[in-house]
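These notes are about the structure you will find just below.
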Amino acid sequence: MNYHGTSMRIMSLPRLSCRILASVILLANYSIAARAGAEHHTPEIPKTWDDVALKDWPTPIAGLNVRPTHISAKEYYALPVENLRTYPVYFPGREPEGYWDMLQHIGPQPLIDPEKLKSREDWIEAGRKVFDEADQLHERVLDPQLIAAARSAETFNQAHTLPLPDGTLYFLRWVPTRQGVALSLGNCSICHLQYLQDGTRIPGAPSFPGVARGPQLRNPLLGPIHDASRVLSGDPPFIMGPEPLGMWLNQAYGVPWLKDDILARLKTSTMATPVPPCSPAPPPGKRSK
Ligand code: HEC
């Protein structure tokens, strides 16, 4: 695939996967609800990846008049399924007794066991677990320094981070894997779970509106985890190459088919020379894409 094709895929996939995963959860719940009352429920889970439905789904790219491409349904369904339990990361000093030891010994556990889901309640509970526990698979880090930083009060005190009411930290998850206990970032729950200032938890509401902005949202390990995983901010499901940061930004946000693309200057940007914003800061609760 040529460079342009790669770039388009980078921009179109994260939104698509978000919507499709959500549809699975919502539609599964809908069809389960329709059968409420029966003892055994077999939800009708719609086909997630459909070549025909995807054919004209993305809007053609301005200037090129061609649609971005996706992997085929065959490739999609050949992907291995990841199904691992994750656990909260506590603010240092707030961990329950024996918690760290438990994580070291428990080993990889399945997040859900579809074979055991029988009743409507079982399926709803499984959906809740996936929402709360699913992590960013491509951002699991085993780096001992990052793991030590996640267990050091200094890390969070310096950033003036506060824990959530239950003593846990926003964004971070522990994942016991075959290679050891990894530090990772939450998935749906880091963007779609709102805590009001009084600690009320609202799953499904956006995480970052003005009313919820508080010291619990400051997590100094987000940047280091993105960097260690070579993933751009916003957790798009792409591991970037060995080139410098400016090239990553250009691959993700540049518009190389446009004559005199003003974003071409991204190529030379570094951490030390932050990119000037191309548009005003997004309003609270929104994020730029
Ligand atoms: C990194 C942040 C982030 C993560 C992680 C994330 N989302 Fe989203 N999600 C968004 C944003 C931002 C939008 C709305 C923007 C858009 O439509 O482009 C959105 C849109 C949605 C929508 C509305 C889609 C529509 O068609 O209007 C649903 C439903 C949804 N997400 C569910 C999920 C589920 C389920 C997960 C976990 C599997 C998830 N999201 C993970 C940020 C995220």
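Summing +1 for each Lys or Arg and -1 for each Asp or Glu among the other residues whose beta-carbon sits under 10 angstrom from that of P165 gives -1.
Sorted by packing (mean other beta-carbon atoms within 10 Å per residue), highest first, where do 263-270, 132-139 land? It would help to have the intermediate numbers written out before the result.
On the way: 263-270: 15.1, 132-139: 19.2.
So the order, starting with the most tightly packed, is 132-139, 263-270.
Solvent-free Debye calculation, one equal scatterer per alpha-carbon of region 128-272: log10 I(q)/I(0) at 0.08, 0.11 Å⁻¹ equals -0.27, -0.50. Label separation (H138 vs I262): 2.9 nm, computed from points 7 Å beyond Cα along the C-beta direction.
Look at D50, D56 and count the other Cβ atoms within 10 Å of each Cβ; fewest to most, that gives D56, D50.
A short reminder: the numbers here are calculations on the coordinates, not readings from a lab. Please read these numbers as outputs of a predicted model, since none were measured by experiment. Cβ atoms come from the backbone with ideal geometry, glycine included; neighbour counts cover every protein chain shown.
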